[in-house]
Amino acid sequence: MLYTMDPALRAIEHKVDEGIPLSLDDGLTLYRTPDIHNLGRMARKQKERKSGKKVFYVLNRYINSTNVCYAHCKFCSFAVDEFKEAGNVFRMTADQVFAKALETGANFNQIHIVGGHDPRQLSLDYWLPLMRRFKERLPHVQLSLFTAAEIEYMAKRHRMSFEQIVRELKSAGLDNVNGGGAEIFAEETRKKICPNKVNAANWLSIHEELHRQGVASNATMLYGHIESLEDRVDHMLRLRESQQRSPGFNAFIPLAFHPDGNELNDCGWTSGLDDLRTFAVARLMLDNFDHVKAYWMIQGIKVCQVALHFGADDMDGTHGSTDEEMIYHSAGTQSGQYVDDREFRRLIEDAGYVPVRRNSTYDEFPHDWAPPSQQPELVSV
Ligand code: SF4
């Protein structure tokens, strides 16, 4: 029997080939098509228009600096109420964060740090000196810090505008802001899952301000909980419009909801097919984003390798070598804490692509690149 293409996909493929942005209905058609093979083929074609045969990875260090948080998002398994669960609190001092990063050595290109809304840690008094210390000791390592939710929290507590807080953070060396906190923009759904967190309009305004001031960023979407497919496509459309207003997003990162230990546990796990569809739909909807990331920590390294054939062109980073990622590990991810960069290269080459080492802003490096100033004493605090 001859395999026939879902006719609904033909018109959409034509639009993508002509560079015409897709609509909400197109996005829903892509999500609902039974023709997963052609969906993947279309997304792969679009990925190869953007980044050819390249697939990116980064040598980085990932740190969650505090699990104290007052936002109480329903999907979160990481945050701790410091009064009710005092025994489970961790709150790293600036010296501890610095020492943790230096454990990695010097041969890495990014420090990625996010944490809870912790009034004792999330302040400029804590972060600005620490950021300057990083820049002095590891000038080649890009600072990929905070989410827009954390930046809004700091702006409120210091009574600053978004413009002012971004200026302060940039002056201390902020290179990139992580894409978290976006969750789902659709207001009704957002109110149910994270009513105390930055709202959609402010999340987008903060990223647009970052971009205006020359700080790069990424964007995420948390899917697989109570949201509808309309919410997902609407989320992508809002990001596309934001990128048009104030360009500066590098990568879109779909984050699959994990159910262990949180109030939305009855939503269960996403399926592999839903994950792959989401990568493909994102690649096709977000025509003004250069990269779609298949983050191995979230969907698992095997699904992420297959996602390279569904539009993804990035697998994220090595993460350092200890147990620093707590957000998804609290929620039940079976992924480990560390992937050797050789393993990234093997997985990418097996999928038929060319591995490329990058930093947060997608400057490219040889695989064996090391900083010229790498000295043995760099590893001591
Ligand atoms: S998702 Fe972030 S903001 Fe929400 S409760 Fe967890 S740590 Fe706090």
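None of the figures in this text is laboratory data; all of them are computed from the coordinates on show. What you are looking at is a predicted structure, and each value in this text was computed from that prediction instead of being measured. Positions of Cβ are backbone-derived with ideal geometry, glycine not excepted, and every protein chain shown enters the neighbour counts.
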When the chain is treated as a GNM, springs tying every alpha-carbon pair under 10 Å, which of Lys84, Lys191, Lys45 comes out with the largest mean-square fluctuation? Lys84
Expected max-MSF residue from Gly224, Gly336, Gly181 in the GNM of the chain (alpha carbon, under 10 Å) is Gly336
Hey, what's the Kirkwood Rh for the chain if you take every pair of different alpha carbons, in angstrom? 21.1
More than 25 Å apart: what percent of Cα pairs in the stretch 190-344 qualify? 32
Return the distance in nm (one decimal) between the two label points of a simple spin-label model at Asn107 and Ser161, each offset 7 Å from Cα along Cα→Cβ. 4.7
What shape does the stretch 71-173 take by its C-alpha gyration tensor, where a ≥ b ≥ c are the square roots of the eigenvalues and a/c under 1.5 counts as rounded, a/b above b/c as prolate, and the rest as oblate? oblate
Filtered trypsin sites (Lys or Arg not before Pro), the stretch 129-183: DSSP coil and at most 11 other beta carbons within 10 Å: Arg159
Pull up all non-local amide H partners of Gly320: gap of 5 or more, or a different chain, and H-to-H distance under 5 Å with H placed in the peptide plane. Asn60, Tyr62
Checked the stretch 13-143 with the C-alpha gyration tensor, a ≥ b ≥ c its square-rooted eigenvalues, rounded below a/c of 1.5, otherwise prolate if a/b is larger than b/c and oblate if not; verdict oblate
Listed residues Phe289, Phe252, Phe83, most fluctuating in the chain (Gaussian network, C-alpha, under 10 Å): Phe83
Shape of the stretch 123-188 from its Cα gyration tensor (a ≥ b ≥ c, root eigenvalues): rounded if a/c is under 1.5, otherwise prolate when a/b > b/c, or oblate? oblate
In order over the stretch 339-345: 3J(HN,Hα) from phi, Karplus 6.51/-1.76/1.60, θ = phi - 60°, whole Hz, x for each Gly or Pro, gives 10, 5, 5, 5, 5, 4, 5
Given labels modelled 7 Å from the Cα in the Cβ direction, how far is it in nm from Lys192 to Lys74? 0.6
